[in-house]
1. Which of (1) modelled with pLDDT under 95; (2) of a type in the set (Phe, Trp, Tyr); (3) surrounded by 15 or more Cβ atoms within 10 Å (Cβ to Cβ) does residue B:97 not meet, given it meets every other one?
2. Please list, ordered by first then second residue, the pairs with beta carbon atoms under 7 Å, 6 or more apart or interchain, first in the range B:21-37 and within 21 Å of residue B:88 (Cα to Cα), second assigned to a helix (DSSP H, G or I) and aromatic (Phe, Trp, Tyr).
3. Just one of B:34, B:25 is under 25 Å from residue A:45 (Cα atoms), modelled with pLDDT of 95 or more and more than 12 Å from chain A (Cβ to nearest Cβ); which is it?
Amino acid sequence: MTVIRLKTHRDFASGPGPWRCDELRELEAIFAAFVHQGGASEYAVGATERGDPQFYVIAPEPDPECVLCVSRVGRLYLVEDGVGGLITKVSDLKQLADQRPNILSPRHRIVAKGVAAWLAVRGSFEEKVEAMMGEPMELITNVAPQLAALV
Amino acid sequence: MTGSTHFARAAPEAKRLRKAAGDWLKGLRGRADLSQVELAKRLGFKYYTFVSQVENGFGRVPTESMEAWALALGQEPAAFARQLLSYYDPELHRLLFKGKR
């Protein structure tokens, strides 16, 4: 008998390669929250030499520093600031909203504000939409960036 | 395999300089025959991702660790810091080292 093993979501998340669409939606929602707080103006994506993807959130001019870098390494998502500080690490990007880093510096304060805003937007719309929709999380993931920009 | 980046918008001068710094550091690492992981280990990092972040032009070598980076890359710390300053703060570099390279 031939067994064909289909890749699970976790299998896809464990290897190098570019960001998946669902990951990018989560990351763009985080970015939108930063924009709302005035802590970011743009983002960029890149990769390490091993092919692990990175997502950079960049502060507005005149000081366009990277305020947040999310990297996927194996099954972990590493969240770092622009000077090498590890803010947190999670196994699911959705957990990022629940991780409230110890606020030690202005840079981390911006990160925490962005994450908190993202969580607030998600929570608010989750409550309103859940009663009406069968797949609330999917909807929220799709519309969160636009909604965050409007709040 | 080299790292890669894609800006969502056009990069102004500060970003161009940060990218140039990253390229310069990547070149030094290549000449030292080190991978990003190996350099990160030499610097005592648990993860190597910050090395990539810096080389891609989205992070900066903190002042307090410039000496460690220089030594890890086989460079003389003062010259290394001076070159980085020319990327990170070109105006200060001009004031301090006007006429010098």
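1. Here residue B:97 meets the rest and fails (3).
2. B:21/B:87; B:21/B:88
3. On the way: B:34 fails: more than 12 Å from chain A (Cβ to nearest Cβ).
One residue alone meets the criteria, B:25.
The values are calculated or read from the model by the stated rules, or taken from the named source; none is laboratory data. The shown structure was predicted, so the numbers you read here are calculated from the model rather than taken from an experiment. As a convention, Cβ positions derive from the backbone with ideal geometry for all residues, glycine included, and neighbour counts pool all protein chains shown.
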